[in-house]
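Quick notes on the structure that follows.
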Amino acid sequence: MKSFFGYQFEDGNEASSLAEMLEVFEYLKPKASPKPLIRIGSNRDGSYLLPDDLENMAACFSPGVDNFKYFEDKVVETYGIDCHMCDYSSDVEKLKTPLIEGRQTFAKKWLSPDPGEDNIELADWIGREAPEGDLLLQIDIEGAEYRNLLSASAETLSRFRIIVIEVHSLWAIQDAAICREVLAPFFRKLSEIFIPVHAHPNNCCGEFVIPGTEISIPNVLELTYLRKDRAVEAPFPPQLPHPQDVSRNVSGKPPMFLGEEWLDGPRSLESKVKIIEDTLEMVGEFPNEPAILNRQEFLTRSVATMQRRLAAMLQADGAGAADEREVAAGKAYVLSSAYPGMSRKGQVAPGNPFFFHTAFGFNQFIKVDLGEALTVSRIGIGNRLDGYQDRAGLLYCILSTGEDHTKGDIFQLATGDAFATGELLQSEVELPPTKARYVTIISPLSTALHLSDLKVFAR
């Protein structure tokens, strides 16, 4: 037998069909909101974006509060909404901030559809604390969300105007039994009453790629739902990431961004700026990371470059994107070194399992001559196809107008965990538009560099 958060299944290896996985993915994709989004909570984990539609909210219910109730304090202090919390793993004495008298309650209970002295069922809890009015649900209960909400009646769920939920172990949509019996019914049920208006990846636990696609899904995802009757008109399209999103739930791990497959249109300029800002924050957090050139020189230059390009993007209006074209195909390249039996020079073209291979060592690179200075805006790379994808786990791009790439602008290529593990073999990374004739892809690690494809998009 295999288990999934209280559900039991016969052991089996049947994989979900592509259609089944794509159905779940469509349920996850955020839609336009009738109200702008606001952030409630701290600057790290436990902070969420909600539509600014909290007026006349009767109460907030927050199971799984743990010992931190910054979200719940903000709900009371800023919006005047009473808040009811429960968590059997905590105690009132362990809470980092004291209960707000007359406005907050805490029950040492598990939220559970099962009867028991230590459990409380959602409908009973609501009936006890909030007999009338619209409600807010903030739920982060480490996988127990599936049993609790699947067992709740439509009448109970409809009491909530807004639901903010952290969903766990989304990798399981690849398992046919779990997908069919738990995940698809769970998101299908929510979609009957609510629409998702925001999605934010939790960078705690990695991501996976739907086989046969380039769709990457985080294993832990924060979703904001709004009841459909509140979304008759929706003038605010989703922004991924949203400018008010926290940069990272977990410090010490790189930020995670949802791909453009999550959007039905182009990524907004504000979202592109946010990606750069969050990446810049991460660079400053790890000054001892192996780096190109001298470590301190790299850190100083990369931060200065990002700040300069960020300012330029903020002043741009996005014009010219339609003129973007791929410019690296067939162009000459030179390598830092060559693996035995291979050449240091060649022309850029897709190859299987790779089209070039450097020797092993620090700062191995491929430098492409575009032939003229162009405004580079995006880099696409294909990882090695037959394994060893982790060697491309840390890559930088240097854009320079002269042949000496050490004097160019340096950018980290945030390709994501799925690229380094080989789950995703292709990755595209947007860069602040930068003039360059030479494009250098370099790894600061002691390794070999080998890619199956390299694309440079310029305006």
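The values are calculated or read from the model by the stated rules, or taken from the named source; none is laboratory data. Keep in mind that this is a model prediction, so the values were computed, not measured. In this analysis, Cβ positions are derived from the backbone assuming ideal geometry, glycine residues included, and neighbour counts consider all displayed protein chains.
Numerical summary
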| quantity | calculated |
| --- | --- |
| Residues located in the stretch 120-140, provided they are modelled with pLDDT under 95 and under 13 Å from Trp110 (Cβ atoms) | none |
| Strands (runs of 3 or more DSSP E) wholly inside the stretch 1-83 that include at least 2 residues being closer than 24 Å to Leu157 by Cβ | 37-40, 48-51, 59-63 |
| Some residue of the stretch 91-98 being within 21 Å of Asp140 (Cα to Cα), touching a residue at least 12 places away in the same chain (Cβ under 8 Å), acidic (Asp, Glu) and not in a helix (DSSP H, G or I) | yes |
| Residue check, Phe194 in the same structural domain as Ser169 (by TED's automatic domain parsing), farther than 29 Å from Gly393 by Cβ and crowded, with 22+ Cβ neighbours inside 10 Å | yes |
| Neighbours by Cβ (under 6 Å, 6+ apart or cross-chain): first from the stretch 29-40, crowded, with 21+ Cβ neighbours inside 10 Å; second among the basic types (Lys, Arg) | Ile40/Lys74 |
| Wholly within the stretch 126-224, strands (runs of 3 or more DSSP E) carrying at least 3 residues that are in contact (Cβ under 8 Å) with a residue 12 or more places away in the chain and farther than 17 Å from Met21 by Cα | 135-139, 160-167, 194-201 |
| Residue list for the stretch 380-411, restricted to those being of a type outside the set (Val, Ile, Thr), within 17 Å of Phe457 (Cα to Cα) and surrounded by fewer than 19 Cβ atoms within 10 Å (Cβ to Cβ) | Gly380 |
| Filter pass, Leu431 being outside the structural domain of Phe208 (by TED's automatic domain parsing), surrounded by 19 or more Cβ atoms within 10 Å (Cβ to Cβ) and touching a Phe, Trp or Tyr at 6+ places or on another chain (Cβ under 9 Å) | yes |
| Residue ID - nearest to the chain's Cα centre (by Cα), chosen from residues in the stretch 335-350 that are of a type in the set (Gly, Ala, Ser) and closer than 21 Å to Val456 by Cβ | Ala349 |
| Residues satisfying the stated conditions in the stretch 418-442, i.e. among the small types (Gly, Ala, Ser) and farther than 27 Å from Ile217 by Cβ | Ala436 |
| The stretch 105-125, residues that are within 32 Å of the chain's Cα centre (by Cα) and either more than 23 Å from Phe5 (Cα to Cα) or outside the structural domain of Arg147 (by TED's automatic domain parsing) (or both) | Phe106 |
| Any chance Leu413 is touching a Cys at 6+ places or on another chain (Cβ under 8 Å), not assigned by TED's automatic domain parsing to the domain that holds Asn219 and not small (Gly, Ala, Ser) | yes |
| In the stretch 66-92, residue surrounded by the most Cβ atoms within 10 Å (Cβ to Cβ) [restricted to those that are closer than 19 Å to Glu222 by Cβ and touching a Cys at 6+ places or on another chain (Cβ under 7 Å)] | Glu72 |
| Matching option when the condition is under 30 Å from Ala184 (Cβ atoms) and surrounded by 22 or more Cβ atoms within 10 Å (Cβ to Cβ), among Asp124, Asp140, Asp114 | Asp140 |
| Of all residues in the stretch 322-336 being of a type in the set (Gly, Ala, Ser) and within 12 Å of Ile441 (Cβ to Cβ), the one that is modelled with the lowest pLDDT | Ser336 |
| Looking only at the stretch 401-459, and only at residues there that are polar (S, T, N, Q) and in a loop (DSSP other than H, G, I, E, B), the one that is nearest to Ser343 (Cα to Cα) | Ser446 |
| Options Tyr7, Tyr70, Tyr88: the member that is of a type outside the set (A, V, I, L, M, F, W, C) and touching a Gly at 6+ places or on another chain (Cβ under 8 Å) | Tyr70 |
| Qualifying positions in the stretch 43-65 - surrounded by fewer than 17 Cβ atoms within 10 Å (Cβ to Cβ), out of contact with any Gly (no Cβ under 8 Å at 6 or more places or on another chain) and touching a residue at least 60 places away in the same chain (Cβ under 8 Å) | Asn43, Arg44 |
| Residue match in the stretch 305-312 (condition: at pLDDT 80 or above and surrounded by 19 or more Cβ atoms within 10 Å (Cβ to Cβ)) | no |
| From the options Asp229, Asp175, residue that is surrounded by fewer than 16 Cβ atoms within 10 Å (Cβ to Cβ), acidic (Asp, Glu) and modelled with pLDDT of 90 or more | Asp229 |
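Yes or no, residue by residue, for (1) within 29 Å of Pro238 (Cβ to Cβ); (2) modelled with pLDDT of 95 or more; (3) not polar (S, T, N, Q):
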residue	(1), (2), (3)
Lys2	no, no, yes
Phe25	yes, yes, yes
Ser33	yes, yes, no
Gly46	yes, no, yes
Pro51	yes, yes, yes
Phe71	yes, no, yes
Thr97	no, no, no
